[in-house]
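The block underneath contains the structure these notes are about, expressed in structure tokens.
Since every read-out is calculated from the coordinates, none of them should be taken as a lab result. Being a predicted model, the structure only gives us computed values, none of them experimental. When we count neighbours, we look across all protein chains shown, and the Cβ atoms used for this are built from the backbone with ideal geometry, even at glycine.
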């Protein structure tokens, strides 16, 4: 049980950093902290720094969670869990940080299908 909680917690943290690395520059631009004239290389370097934090949680999550290392999940199960967490984390961050973004009924249906993907990947 500890390996499951560790893996899922670290995947949530990792995906939070990933989402901020990918979309945080848009929020900074919206807040007028950076502008459209900010050199793209500067934005990429900051995103890489954030991505380093992402990998600092993602790699341990995959190593501990993988059945290759005695964990509870196969590689396919780890990937599906990671994708579902990624979408959920994105939905929360987009809803909280980007006030113009709203979740519509079709987004909810898509998340339900992702939940079904998790169900099917764990079926024996």
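Quick one: how many residues across segment 83-124 are outside any helix (DSSP H, G or I) and either farther than 19 Å from residue 19 by Cβ or without any contact (Cβ under 8 Å) to a residue 60 or more places away in the chain (or both)?
Residues flagged as outside any helix (DSSP H, G or I) and either farther than 19 Å from residue 19 by Cβ or without any contact (Cβ under 8 Å) to a residue 60 or more places away in the chain (or both) within segment 83-124 amount to 9.
Specify the residue that is surrounded by the most Cβ atoms within 10 Å (Cβ to Cβ); the eligible residues are those in segment 45-89 that are over 23 Å from residue 116 (Cα atoms) and over 18 Å from the mean Cα position of the chain (by Cα).
Step by step, filter segment 45-89, then rank; the result is 68.
Among the residues of segment 27-43, write down those that are under 20 Å from residue 97 (Cβ atoms) and surrounded by fewer than 13 Cβ atoms within 10 Å (Cβ to Cβ). Outline the logic, then answer.
So the first thing to find is which residues in segment 27-43 are under 20 Å from residue 97 (Cβ atoms), and the list is 27-36, 38, 43.
Answer for segment 27-43, where residues must be under 20 Å from residue 97 (Cβ atoms) and surrounded by fewer than 13 Cβ atoms within 10 Å (Cβ to Cβ): 31, 32, 33, 35, 36.
Out of 46, 34, I need the residue that is assigned to a loop (DSSP other than H, G, I, E, B) and either out of contact with any strand residue (DSSP E or B) (no Cβ under 8 Å at 6 or more places or on another chain) or closer than 20 Å to residue 94 by Cα (or both). Which one? So that I can check it myself, show each step before the final result.
Details: 46 fails: assigned to a loop (DSSP other than H, G, I, E, B).
None of the others qualify; the one that does is 34.
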